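Everything below concerns the one structure shown next.
Each value in this text was obtained by applying a stated rule to the coordinates, not by laboratory testing. As the structure is a computational prediction, the values presented were derived from the model and not from experiment. Using ideal geometry, Cβ is built from the backbone for each residue, glycine included, and neighbour counts are taken over all protein chains shown.
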Amino acid sequence: MYELLDKIDSPADLKGLSLEELGKLCGEIRRYILECCAVNPGHVASSLGAVELIVGFHYVFDSPADKIVFDVGHQAYAHKILTGRREAFRQNRTRDGISGFPSRSESPHDAFGAGHSSTSVSAALGLAEAARLQGRKEKVVALIGDGALTGGLAFEGLNNTGSSGADLLVILNDNNQSIDGNIGALHNHLLKLTTSMRYNRLKDQVWRKLGESRVRRAIQNWTRKIKSWTVSPTGGDLFEALGFRYFGPIDGNDIATVVNTLRKLSSISGPRILHCYTVKGKGYEAAEKDPVTWHAPGKFDPETGERLTSARSVARYQDVFGQVLCDLAERDSRIVGITPAMASGCGMTEFGRRFPDRFFDVGIEEEHAATFSAGLAAGGLRPFCNIYSSFSQRAYDEIIHDIALQHLPVVLCFDRAGLVGEDGATHQGAFDMAAYRSIPGTVISAPRNELELKQLMYTALQQDKGPFIIRYPRGNGEGAGWKDAEFEAVPVGKAVELKAGSEIAVVGTGPAVNRALEAAEGFGERVAVYHFPFVKPLDTEVLESIASKFSKIVTVEDGALSGGLFGAVSEFLTRRGCKARIVPVGIGDEFVTQASQAQQRKDWGLDKESMEKIFQKFLEIPK
């Protein structure tokens, strides 16, 4: 079916191919990615755009001795396919299949695990220095996109690399603009000159003879200024200022150009950066025209490009958030919206269209998003900062020092909280409740449906001190009527009895409590269910009442048990000397790997059937 790809079982199999055959192989890889992702959804556009860069790396370098470090890993599909995982790629992002991101435990060709952005340069620098200190003659390459380059960690890595003089090649995969006039005759001549072996040998000899002299420094500064002037339209002067030798830009989707340039750069040492223009979604018209949608399009027909989406009977939480934020902004001119490059994913696209002056997409900069929100709040505005739960971990220090410590009213909306499915361990929103519960003056809430999300957003707007966290899951809501409901504040720190009972008390938070309620219905009056919309502050009055009535308590949460709701309830009841038996249901002390959300809920006992078994066992009912 695939003339060349079917013969590639490792990067070594590439070495005998001609440049013409490499070009054909790139086309086959794209076709294979589309074939697999059409039925088993994944990240499409990013991986299509990076095929030539990855094929070029494996053709020129010798993996796994030489190492490529991916940023995020959305673009790594060609790498997985070429490194012995061609057939396994058909089960990409599935339970017991391979990860959608690079994983050190999966293959020796995956030099460093990824999932969150802007880490590649720092990790690659560590690998390069480790090789130097241990006397290994290996090459290290970091592949980073222009989006990930906005993250502060990327600049920290670049700054350290440039000053260290480490032997590291950074490939900048720039897919945010088309190839323009910068790639002209003069530019191509300069690229050939600066990457030639003869030129670089001569340059090194001149610098060695001049030594660390004032004359050498003067000449270097002069040549750097001249080079910066010639490449300034592409940003090369920035990288030169950071201590890198800048090469490019080149057409990153031209395999011959990529291979010839990498061959030359492999013989040059020190910090260097190759700027490549690529087309996100390259080779697939639908993805090229709409790379945002085709970043992760779900299932689709690879022949027509038609996305096979099923009709939704209920709204997604992200869409509810976006609509409610617009409704609140109509009523209150102080409201502003902030997102670290996830406007479409978190439902803020419409807000940005309707309120462009009050919408801030700050790029992949979670730390900046948090402190920027703090500044907006200090200036008298009411920021709603939406960050995916797992990404919020990167802003932990800023949330403590810049928001909470200064008692600033920032609403932190953590989308994708809990179990998120196929994206795997790096993206599960398992740790937010445990992470933020110890921060003084912080409110942590978890709505159990769409209506409660709406009312909690309104409630947060009424608070004027400290961060107000609202965590909600990925995916569809519960079908609770919310559109026409009037705004109504929720009493902060108050729990609600959903079902009366006499033997077991279920203490739950967020949507997981709905499954507990469904399970409890089959046990009549024996199981009571309480919903705690607030993990902090905790409703201690209701907890004391539960402790006085029940000797058996089940806590239910879609988060880490260590430090989450279970931790909060256990700590309080232990201090009160409560002797009740407590059974926790939630995410245990391990990372959650990829699987469907439904499967993950079943794995951790968060589905109706699993809870029925827990209640049955706790009530000592024979099977």
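Counting only C-alpha contacts under 8 Å and six or more residues apart, can you give the relative contact order of the range 485-539 as a whole percent?
Relative contact order, the range 485-539: 49 percent.
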Once Glu21 and Tyr2 are pulled to full extension, the length gained, defined as 0.36 nm per residue separation minus their Cα-Cα distance, is 5.6 nm
Computed over the chain: longest principal axis from alpha-carbon atoms vs helix 152-164 long axis, angle to nearest 10 degrees, is 40
Computed over the chain: longest principal axis from alpha-carbon atoms vs helix 540-549 long axis, angle to nearest 10 degrees, is 50
Extension length gain for Arg95 and Lys494 (0.36 nm per residue less Cα distance), in nm, is 139.8 nm
To the nearest 10 degrees, the tilt of helix 197-210 (Cα long axis) against the first principal axis of the alpha carbons of the chain is 90
Once normalised by the length of the range 19-104, the mean sequence separation of its alpha carbon contacts under 8 Å that are 6 or more apart gives a contact order in percent of 29
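What FRET efficiency would be calculated for the residue pair Glu478, Arg31, taking the C-beta separation as r and a Förster radius of 35 Å, to the nearest 0.05? Could you put the intermediate results ahead of the total?
Working: r = 41 Å, r/R0 = 1.16.
Taking R0 as 35 Å, the efficiency between Glu478 and Arg31 is 0.30.
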Distance in Å, no decimals, from the C-alpha centre of the range 107-183 to the one of the range 441-470 is 39
Per the 1/(1 + (r/R0)^6) rule, R0 = 30 Å and r from the Cβ atoms of Ser548 and Lys613, FRET efficiency to 0.05 is 0.60
With label points set 7 Å from each Cα along the Cα-to-Cβ direction at Ala598 and Lys289, the distance between them in nm comes to 3.3
Here the relative contact order (percent) of the chain, from C-alpha pairs under 8 Å and at least 6 apart, is 11
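Can you give the % of DSSP beta bridges in the range 496-618 that are antiparallel, to the nearest 5? Don't skip to the answer; put the middle values down first.
Details: 3 of 19 bridges.
DSSP beta bridges in the range 496-618 are roughly 15 percent antiparallel.
When the helices in the chain are scored as -39500 (n - 2.57) per DSSP H run of 4 or longer and the sum is shared across all residues, what 222 nm value do you end up with, to the nearest 500 deg cm²/dmol? Can you show the working numbers first?
Details: 24 runs with 243 residues, N = 623.
Calculated at 222 nm, the ellipticity per residue is -11500 deg cm²/dmol.
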Once both label points are put 7 Å beyond Cα along the C-beta direction, the Arg263-Arg307 separation in nm becomes 4.2
Among trypsin sites (Lys or Arg not before Pro) in the range 270-343, those in a DSSP loop whose Cβ has at most 11 other Cβ atoms within 10 Å are Arg312
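Please identify every one of the chymotrypsin sites (Phe, Trp or Tyr not before Pro) in the range 406-451 that sits in a loop by DSSP and has no more than 16 other beta carbons within 10 Å of its own beta carbon. Intermediate values should be presented prior to the final figure.
Values: sites: Phe414, Phe431, Tyr436; in loops: Phe431.
Passing both the DSSP loop test and the Cβ count: no residue.
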The simple spin-label model distance between Asp589 and Ala130, using points 7 Å out along Cα→Cβ, in nm, is 2.6
Sorted by chain and then number, the residues having a modelled amide H within less than 5 Å of the amide H of Cys413, at least 5 places away or on another chain, are Cys385, Asn386, Ile387, Ile470
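Within the range 278-378, list the GluC sites (Glu not before Pro) lying in a DSSP loop whose Cβ has at most 11 other Cβ atoms in a 10 Å radius.
On the way: sites: Glu285, Glu288, Glu303, Glu306, Glu330, Glu350, Glu365, Glu366, Glu367; in loops: Glu303, Glu306, Glu365.
Answer in residue order: Glu303, Glu306.
Between Arg576 and Asn159, how high is the FRET efficiency from 1/(1 + (r/R0)^6) when r is the Cβ-Cβ distance and R₀ = 30 Å? Nearest 0.05. Please report the intermediate quantities before stating the final value.
Values: r = 52 Å, r/R0 = 1.73.
FRET efficiency, Arg576 to Asn159: 0.05.
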